[in-house]
Amino acid sequence: MRTGDYSIQGYEDMIGLERKSLDDLIACLGKQRSRFERELVRARDFQYSAVIVEAPYSALAAGMYRSKLNPNSAVESISAFEIRYGVPFLFCGNRTLAARKCESLLRKFWREQMLKEAS
């Protein structure tokens, strides 16, 4: 896939979901920021895209990660990306719930596409 970690076969140009651990996300706000922003720019072309985070928002806000990135900077970067690129960041609490959310979004997207194609 050009952008994202998960999609639906045949709909790769319509939906893309990026899944991140908290430490991965923090790396994307620091050293990997320019690469990550290019991904977010490409994600704007999808009908739906999201970044699914395997951690609670409270962990981001409290700086509960290995990097020395200021938690306020992390929070503000996420908000800027959501506004600038129109891609929501979904904080799901943990890896299991993030996987469930990812599967749910993909299933719902597929169902909606089937309804559109049938009408």
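The values are calculated or read from the model by the stated rules, or taken from the named source; none is laboratory data. The model shown is predicted, which means the values in this text are computed figures rather than measured ones. For neighbour counting, all protein chains shown are included, and Cβ atoms are generated from backbone atoms with ideal geometry for every residue, glycine included. For accessibility, only protein heavy atoms count, side chains too; no ligands or nucleic acids. Shrake-Rupley method; radii C 1.70, N 1.55, O 1.52, S 1.80 Å.
Just a few scattered comments:
Residue by residue, here is whether (1) assigned to a strand (DSSP E or B); (2) crowded, with 20+ Cβ neighbours inside 10 Å holds:
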residue: GLN9; (1), (2): no, no
residue: GLU12; (1), (2): no, no
residue: LEU17; (1), (2): yes, yes
residue: ASP24; (1), (2): no, no
residue: ALA27; (1), (2): no, no
residue: PHE36; (1), (2): no, yes
residue: VAL41; (1), (2): no, no
residue: VAL51; (1), (2): yes, yes
residue: LEU69; (1), (2): no, no
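- For the range 57-67, a residue qualifies if it is open to solvent by less than 50 Å² (accessible area, probe 1.4 Å) and of a type outside the set (A, V, I, L, M, F, W, C), and the qualifying residues are GLY63, TYR65.
- Filter result for GLU103 (open to solvent by 20 Å² or more (accessible area, probe 1.4 Å), over 23 Å from MET14 (Cα atoms) and of a type in the set (Asp, Glu)): no
- For the range 80-89, a residue qualifies if it is open to solvent by less than 40 Å² (accessible area, probe 1.4 Å) and touching a Lys or Arg at 6+ places or on another chain (Cβ under 8 Å), and the qualifying residues are TYR85, VAL87.
- Cβ-Cβ under 7 Å pairs, at least 6 apart or on other chains, the range 32-46 side closer than 12 Å to GLY4 by Cα, far side assigned to a loop (DSSP other than H, G, I, E, B) and open to solvent by 30 Å² or more (accessible area, probe 1.4 Å): ARG42/ARG2; ARG44/GLY86; PHE46/MET14
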